[in-house]
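Worksheet for the structure shown next.
Read-outs throughout are calculated quantities, based only on the coordinates presented, and are distinct from any laboratory measurement. In this text, all values refer to a predicted model and were calculated from it rather than measured experimentally. Backbone-built Cβ (ideal geometry, glycine too); neighbour counts: all protein chains shown.
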Amino acid sequence: MTFSSLLLPLFVSFFQHRGAAIFLLLHRLDSNRLQHSGNRHYIFISFIMTKLNQSIYGADPELNDDQKQTVDVVKAVRTTPRDSRFPTQNQANHCWNRYNEWLLCLKNTGDEEGCKNMKQMAYSICPTIWTEKWEEEREENTFPGLKA
């Protein structure tokens, strides 16, 4: 018998009776400690959480086409990758740069579909209030960045 096969019934039983306690226990596991202690612990916790979800909620719920499309969109969303030009914690300049790179792509190609990835990267790193403000400024022709 494996270690995980011995603990899984215990976790499932414990979770069914004391759901909040096991949630807090797993929530308190620090990702840095998991990374330092090795990948096998993270895989084990992921395995346990998957089994717990299956035992509690049963099979995956049936989704209609709109819900499936929404799930596909959410799965495809990625945040902007790290850029060594912006090493500090404050990523405001990185946001500004990504937004203007997207506008430059629009200006050079004129193809919104071709620049969709750049737009997604800009919108993923920039606060929504900033992008909304910049969109309004672009409509009013007062945007201080690139004119697309």
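What the table below lists for this structure:
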read-out: FRET efficiency for Thr79 and Ile129, using Cβ-Cβ distance with R0 set to 25 Å, rounded to 0.05; value: 0.90
read-out: ³J(HN,Hα), Karplus 6.51/-1.76/1.60, whole Hz, each residue of segment 106-117, x for Gly, Pro; value: 4, 5, 6, 9, x, 10, 5, 5, x, 9, 4, 5
read-out: Total formal charge among the other residues, if their Cβ is under 11 angstrom from that of Leu146, Lys/Arg +1 and Asp/Glu -1; value: +2
read-out: Neighbour-count ranking [beta-carbon atoms within 10 angstrom, fewest first] of Ile48, Ile129, Ile56; value: Ile129, Ile56, Ile48
read-out: When each of Lys75/Lys107; Lys107/Lys133; Lys68/Lys133; Lys75/Lys119 is checked by Cα-Cα distance, pairs over 24 Å; value: Lys75/Lys107; Lys68/Lys133
read-out: Three-way shape label, segment 92-140, alpha-carbon gyration tensor, a/c 1.5; value: oblate
read-out: Packing-based ranking, highest mean first, of 102-109, 139-146 given that Cβ atoms within 10 Å are counted; value: 102-109, 139-146
